[in-house]
1. Taking only pairs six or more apart or across chains, which ones have beta-carbon atoms under 7 Å, a first residue in segment 320-333 that is in a helix (DSSP H, G or I) and of a type outside the set (A, V, I, L, M, F, W, C), and a second residue that is crowded, with 16+ Cβ neighbours inside 10 Å and modelled with pLDDT of 95 or more?
2. Given 207, 182, 122, 113, which one is on the phi > 0 side of the Ramachandran plot and at pLDDT 90 or above?
3. Just to be sure before I move on: is residue 161 free of Cβ contacts under 8 Å to residues at least 24 places away in the same chain and closer than 24 Å to residue 310 by Cα in the structure I sent?
4. Quick one: which helices (runs of 4 or more DSSP H) sit completely within segment 139-230 and have at least 2 residues that are more than 30 Å from residue 537 (Cα to Cα)?
5. Mind listing just one residue for me: the one in segment 100-123 that is over 13 Å from residue 138 (Cα atoms) and of a type in the set (D, E, K, R) and, of those, surrounded by the fewest Cβ atoms within 10 Å (Cβ to Cβ)?
6. Which one of these is under 23 Å from residue 216 (Cα atoms), among the charged types (D, E, K, R) and surrounded by fewer than 21 Cβ atoms within 10 Å (Cβ to Cβ): 54, 39?
7. Take segment 342-374 and flag every residue that is outside any helix (DSSP H, G or I) and either touching a Cys at 6+ places or on another chain (Cβ under 8 Å) or crowded, with 24+ Cβ neighbours inside 10 Å (or both).
Amino acid sequence: MRPADLVFVAGSVLTMDPERPRATALAVTGERITAVGGDDEVRALAGPDTVVVDLAGRALLPGFQDAHVHAVFGGLELGACDLTETTDLDEYRRRITAYAAEHPERPWITGGGWSMESFPGGLPTRQMLDELVPDRPVLLVNRDHHGAWVNTRALELAGVTAATPDPADGRIEREPDGTPSGMLQEGAVELVGGAAPRPTEEDLVEGLLRAQALLHSYGITAWQDALLGSYGGHPDVSAAYLAAAERGLLTARVNGSLWWDRDAGAEQIPGLVARREALRHGRFRADTVKIMQDGIAENGTAAMTAPYKDACGCATANAGLSFVDPAALRGYVTALDALGFQVHFHALGDRAVREALDAVEAARDANGPRGNRHHLAHLQVVHPADVPRFAPLEAVANLQPLWAAHEPQLDELTTPFLGEGLADRQYPFGDLHRAGAPLAAGSDWPVSSANPLEGIHVAVNRIVPDGDLPAFLPEQRLALDTALAAYTSGSAYVNGLDDTGVLRPGLLADVIVLDRDPAAVPSSDLAALRVEATYVGGERVFGA
């Protein structure tokens, strides 16, 4: 028998395989795992050319997978005016001023990552940017990518004035006389974003490679990119993935979610089928359609079953937006399901969650169970009546755990404005798991950190790393093994990578080395764990 190419010994091997959850050693031959077991039996498979990795008590796990990420956008932001990793307004000013000075050749200043909590009511103004960059247009998307901060010059170049109506899927924030204030919400971002220069394909490939390096450093071996198409000023990143795959630069395994144009209808489906066939090479494919059913709670566009409150605590007339008509949604999803597409829903409010589940149910009634693994991402608010619907519909709950903790954006800009009974229904991970819902997990990076260990920390503790506030709805905590499964086997299921996510002979050797065994550290230390090496198909793609 051919000797193994790679052997890991003397470690804590967390297989995520219920048949054999623990081992101490693992062997790899070619791209695949050939043995999982004890040190002696695995060492016996080594030959003179075998690479032997002494784990010395460290942990070996399946590679993490991100079920909802915007990798290319995140990579672009890393190379643009980057406002992430801070909420300090003076630091924003410093970074914007420095970036503009360092790039006098750029006709527009673009980038983003700022947090709504940094501004009164979550609303920055054009005047703030005018002081910093008076001579060039500035367009900076916020952390959650549902809004953008622009200066006066950008509004002028785009022709956005007091007379410009709000688009159906967004809002222009305004000064008392109707003049745009410099904050654009949801679909209104495209009013200015459409005038900004688009990155070239090479810019996008460079952004993808920046992102890939970062994600590998976090132990991520595969992901689902949640937006392949043009939306809200964002470019279509499909060509970047295809180019990277064709050039042999894509070391991760990627499934792309083709954007559903909510201003169109079923007539776009043949085009989606054609794109699915064209966007397939090596480790990249695009077998999913992304439908954004609602917005976000912070700006009142997440679709809720009860109206939002105003600053005085009184009910308003606003219960959020359903971006796709719910009756039409059922027909669209039924048609996509019949064609073998997976549907990836953005469903944040409880009404949007219900509408998405209704659509999955309609497809199942019409087509029968087809195993297309439809999934609902974000799930900030889920009505108790809908929690038990996930399991029988085989609808996957795609969690972004980092958001399920006390922090200013939740405590100051969201919870006080949620309607009757909704505040206690936020991020009900525990309820979903107890009801048998299949779980996957993702980051929504660059909206929030791409580090799965930080997400696992919050899923288990309901407290941000190094946080000193009480746990947020602690009854919704997940056990460590459940959180780890969501980021490995659960996300592998959503990503259609059935030969990954578990360490078992015959499966692909997508594995990571952690500095310590997650089960052997206090739950308060989970975010402090470090990835020391990442392998995809037995090839090391990151080594600390």
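The values are calculated or read from the model by the stated rules, or taken from the named source; none is laboratory data. Nothing here was measured: the structure is a model prediction, and the numbers come from that model. Cβ placement follows ideal geometry from the backbone for every residue including glycine, while neighbour counts extend to all protein chains displayed.
1. 326/355; 326/358; 330/358; 330/359; 330/362
2. 182
3. Judged against the criteria, residue 161 is not a match.
4. Ranges flagged: 152-158, 189-193.
5. 105
6. Unique residue meeting the criteria: 54.
7. Matches in segment 342-374: 343, 344, 345, 346, 347, 348, 349, 374.
Residue-by-condition table, conditions (1) surrounded by 21 or more Cβ atoms within 10 Å (Cβ to Cβ); (2) within 30 Å of residue 140 (Cα to Cα); (3) small (Gly, Ala, Ser):
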site: 443; (1), (2), (3): yes, yes, yes
site: 452; (1), (2), (3): yes, yes, no
site: 480; (1), (2), (3): no, no, no
site: 488; (1), (2), (3): yes, no, no
site: 496; (1), (2), (3): no, no, yes
